[in-house]
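Just below is one structure, and these are the notes that go with it.
The values are calculated or read from the model by the stated rules, or taken from the named source; none is laboratory data. Just so we're clear, the structure is a prediction, and the values are computed from it rather than from any experiment. As a convention, Cβ positions derive from the backbone with ideal geometry for all residues, glycine included, and neighbour counts pool all protein chains shown.
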């Protein structure tokens, strides 16, 4: 006869937590594993932000056109985001450590090839190749964290992971500015190589192998539909600000993306081995958290993209100085992201994420008071308000997404989280950039009316504040009457037009975060559903049973006992 757990352990005795009971090798080294995964994430986030400050040098050395510069940046984003779902699914199927290691190899080769590129078109191709590696690395980091850390520690681990994302975002411009000023533009890619080497070596010895134990068959139709659909959608988003939102090519891109992604959803609902079980979206915790991530990244990616131009062009900071002045963005997120797990424990996910969105919204709205001569002190606290709020959104919302899914689907769940982030960010840059262009261009065109200047100068100056400054330099060197006065007037007008347009774009970003605030209050639960917690606990123990040292009595006739909850190990 089996003795009950209650008889063996008096009610007055504190029951050890799941973290204390499952003593597997992966569990014992989980914080070292987190360190490796955070460094792995760092190389992805760093690469996204480090390139921006090198663009002027790349234009000069490679003779890149405006269109080529755009695709040097966007080729990586397009491939990276388009492959996330497929690569996350492959990691679940074949092993997440293998996906991470393969991603490092591809990313390292792409980084070296990018540093050695001899033309703009070569650099576009190598950047796209790097996107393949990034799509393997990013979902693997979060899915491994989800499988290594037990439920009661996962929120704090994801908070640290999110904090490192903030570090990478701020270190990118700082590192890029230093490297460009002291070396050459290719060094912004070479800096990836030591990080890749560390990740490869440390991962071989520390990171455990995990995969979906059901080993589902591959889903080639789903993979093709998701890749082509996301790429078509992202192409439309990226090109719309240049070609126009009503351009036939852009409209066709959006239409193709909608049709292909609709077909993807239909296929995933009908096939017996879906890459992404779309029924996950019926869980309000999963869907509302994903939506809040997309909306906050929409606002933040777009506003930081414009803020970087504001600091460099309007206020005149050098690339390295700009990077230094963006450090408080990382500092605030490094504080709030890890702390957000403790805040969630006290007030719940709904209140924490809603508070974060409120802080981001406040920072965006207050930034509309910035002028062409604002001191840095007026900028820094607004910047920290936005990044602090983002830390309170990113970590709890990410944990909500991952906590809503079976651990076996952690790879594809992480890919959904990353895809919403990338699509939201790309939309933010595109839409806020379009808002800025639509407000900035007419004011510059109006300035040229009646001026003895060629139409080509007006066309160039309308394309951006940096182009207007270049035209002003040409005017100064010309033989035009009152050349200096004309050039100074153009610079003044461009600055005023940019700041006015910047304010309009910030208001659009604030509208997005207000929408996210409403979504969170209406649909995001304060706590995880008990059924999700029970299933993940059972899966976690089963995953670690092969090398675990369980306290006697924790397994009772094949059941996991957690307080008053008994969950079957087979889920």
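Quick grid of which residues meet (1) exposed (fewer than 13 other Cβ atoms within 10 Å of the Cβ); (2) in contact (Cβ under 8 Å) with a residue 24 or more places away in the chain; (3) on the phi > 0 side of the Ramachandran plot:
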{"position": "173", "(1), (2), (3)": "no, yes, no"}
{"position": "205", "(1), (2), (3)": "yes, no, no"}
{"position": "209", "(1), (2), (3)": "yes, yes, no"}
{"position": "261", "(1), (2), (3)": "no, yes, no"}
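Among the candidates 108, 133, 103, 118, the residue that is outside the structural domain of residue 230 (by TED's automatic domain parsing) and at pLDDT below 85 is uniquely 118.
Would you point out the residue of the range 217-238, among those that are part of a loop (DSSP other than H, G, I, E, B) and touching a helix residue (DSSP H, G or I) at 6+ places or on another chain (Cβ under 8 Å), that is nearest to residue 428 (Cα to Cα)?
Here is the first cut: in the range 217-238, the ones part of a loop (DSSP other than H, G, I, E, B) are 217-219.
Remaining after also requiring touching a helix residue (DSSP H, G or I) at 6+ places or on another chain (Cβ under 8 Å): 218-219.
Details: 218: 33, 219: 31 Å.
Selected residue: 219.
Pairs linking a residue in the range 471-498 that is without any contact (Cβ under 8 Å) to a residue 60 or more places away in the chain and outside the structural domain of residue 456 (by TED's automatic domain parsing) to a residue that is surrounded by 13 or more Cβ atoms within 10 Å (Cβ to Cβ) and not in a loop (DSSP other than H, G, I, E, B), with Cβ atoms under 9 Å and 6 or more positions apart or on different chains, do not occur. Within the range 351-374, residues that are in the same structural domain as residue 508 (by TED's automatic domain parsing) and in contact (Cβ under 8 Å) with a residue 40 or more places away in the chain have Cβ atoms under 7 Å from residues that are crowded, with 22+ Cβ neighbours inside 10 Å and assigned to a loop (DSSP other than H, G, I, E, B) in these pairs: 353/524, counting only partners at least 6 apart in sequence or on another chain.
Would you check if there is a residue in the range 157-165 being assigned to a helix (DSSP H, G or I), in contact (Cβ under 8 Å) with a residue 40 or more places away in the chain and more than 16 Å from the chain's Cα centre (by Cα)? Outline the logic, then answer.
Residues of the range 157-165 that are assigned to a helix (DSSP H, G or I), as a first pass: 157-165.
With in contact (Cβ under 8 Å) with a residue 40 or more places away in the chain added as a condition, the list becomes 157-165.
Going one step further and asking which of them are more than 16 Å from the chain's Cα centre (by Cα), we end up with 157.
Yes - at least one qualifying residue is present in the range 157-165.
Quick check on my filter: what residues within the range 272-299 are part of a helix (DSSP H, G or I) and without any contact (Cβ under 8 Å) to a residue 60 or more places away in the chain?
278, 279, 281, 282
Taking the condition of being farther than 15 Å from residue 175 by Cα and in a helix (DSSP H, G or I), how many residues in the range 300-327 meet it? Explain how you work it out, then say what you get.
As a first pass, look at the range 300-327 and keep what is farther than 15 Å from residue 175 by Cα: 300-307, 309-317.
So of that shortlist, the ones also in a helix (DSSP H, G or I) come out as 300-307, 309-314.
Going through the range 300-327 one residue at a time, the tally reaches 14.
Flag not set for residue 241, criterion: buried (at least 16 other Cβ atoms within 10 Å of the Cβ), assigned to a loop (DSSP other than H, G, I, E, B) and in contact with a helix residue (DSSP H, G or I) (Cβ under 6 Å, 6 or more places away or on another chain).
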